[in-house]
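Undergrad: Structure below; questions to follow.
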Amino acid sequence: MTVLHVREQGAVVRRNVEQIRVTMKAKAVPQEAGAEKGKKKPPQQQLLAHSPIRELTQLVVYGNVQITTQAVALLLEHDVDIVFLSMYGKFRGRLTQSGSKFAKLRHAQLGLSGDTTKSLAIAKAIVQAKLANQRNTLQMFLPSQRDGAKQQILQRSISGIEEMRRAGHGARSTDGLRGYEGKAGAYYFDAIRQLLDASWQFKGRNYYPAPDPFNALLSFGYALLQKDTTAALQVVGLDPYLGCFHALEYGRPSLTLDLMEEFRPLAVDRVMLGLVATGVLKPTDFTYTQRKERPVALGDALIPKVIEAYEQQVNSTIHHTASGNENTLRRAIELQARIFARVVMGERREYAGVVA
């Protein structure tokens, strides 16, 4: 199945029978010899992409991309998720056929959100998996670090994260659990700083706005993960705004953010670190805007590379811990949403995160 990303500004998504086609006006060209002087040929439609509707699972449009009503009707008819992002990857919204039809599940989910004991148990499982994946990610990159002093910092961070992971078992409240998760995050991003050359100017995780290239890279990757996680929750019938770990606030998709946590290191961090380590991305490749609201941007040259790397990662196979089977990372996100739903409905006793 296919996820179609459309980011060419001015492109139009159209329907052609049972197919989705992405077109864009080609530049007008001068008339051939002998034609009236100054006349130009009318612009032609350039085909950018196409896909049979039966093969599409999601359409992602960036910025100024148009979709015809005929295309929207076809996409909705076949339950294809339509996601709208800004041209820089900020999530704007999505278009789906209808709201959730799973009334009993939503009712039970609302009840769970008010049950501090059950919510804390699920939140602990999510944090346990996230911290284990952070620890494993650093262990993956440790052998490539040859600087002795930096190796020590990485080892200390790995030990610190593991200490916070174990201590999190005993957290008596969600706030206390957030404290352990936050301290582990400080260890984690301090270690990542050691893995990056000084030219990346990375001093730690900061995203409002991203002040340096690597933070901008992480933010873009997390936006892709957020739209996939939200899509999985909506397929299952869960409310993305009723979570267990992130505080419930207006406009905050708490459950989306909850389920993202264990997948951040797997779907995003390892990919971005790999792109940097192999030299595919360099700080000089980024666009420095000198604007307060977005000082660093990926730009047109980098975004396709990052999307391609992300798609390869989420379509790669991992061992899904709870089921014991091999699944793609994208499928694992949906399976985790289904496990959460089963816990909500009382069909499963405990939530278990994915660790790889």
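Undergrad: Working only within segment 301-313, note down all residues that are within 14 Å of residue 216 (Cβ to Cβ) and out of contact with any Phe, Trp or Tyr (no Cβ under 9 Å at 6 or more places or on another chain).
TA: Residues satisfying the conditions are 301, 305.
Undergrad: Now for a different question. Go through segment 56-110 residue by residue and tally those that are out of contact with any helix residue (DSSP H, G or I) (no Cβ under 7 Å at 6 or more places or on another chain), exposed (fewer than 15 other Cβ atoms within 10 Å of the Cβ), not in a strand (DSSP E or B) and not aliphatic (A, V, I, L, M).
TA: 12
Undergrad: Here's another thing I want to ask about it. Mind listing whichever residues of segment 280-318 are assigned to a helix (DSSP H, G or I), closer than 17 Å to residue 7 by Cβ and hydrophobic (A, V, I, L, M, F, W, C)?
TA: If the condition is that a residue be assigned to a helix (DSSP H, G or I), closer than 17 Å to residue 7 by Cβ and hydrophobic (A, V, I, L, M, F, W, C), then 301, 302, 303, 306, 307, 309 are the ones that fit.
Undergrad: Scan segment 259-279 and tell me whether some residue there is part of a helix (DSSP H, G or I), in contact with a Ser or Thr (Cβ under 9 Å, 6 or more places away or on another chain) and over 23 Å from residue 132 (Cβ atoms).
TA: no
Undergrad: Same structure, new question: Would you be able to tell me the number of residues in segment 73-126 that are more than 30 Å from residue 62 (Cβ to Cβ) and of a type in the set (Asp, Glu)?
TA: Result for segment 73-126: 1.
Undergrad: Let me ask you something else. Working only within segment 322-354, note down all residues that are surrounded by fewer than 18 Cβ atoms within 10 Å (Cβ to Cβ) and either β-branched (Val, Ile, Thr) or at positive phi (or both).
TA: Of everything in segment 322-354, those that are surrounded by fewer than 18 Cβ atoms within 10 Å (Cβ to Cβ) and either β-branched (Val, Ile, Thr) or at positive phi (or both) turn out to be 324, 328, 346.
Undergrad: Let me ask something else. Considering only segment 260-268, I want to know if a residue exists there that is of a type in the set (A, V, I, L, M, F, W, C), surrounded by fewer than 19 Cβ atoms within 10 Å (Cβ to Cβ), at negative phi and within 19 Å of the chain's Cα centre (by Cα).
TA: No, the conditions are met nowhere in segment 260-268.
Just so you know, all these numbers are worked out from the coordinates, no wet-lab data involved. On a predicted model such as this, the values are computed, not experimentally measured, just so you know. Neighbour counts are summed over all protein chains in view; Cβ atoms, including those assigned to glycine, are modelled from backbone coordinates with ideal geometry.
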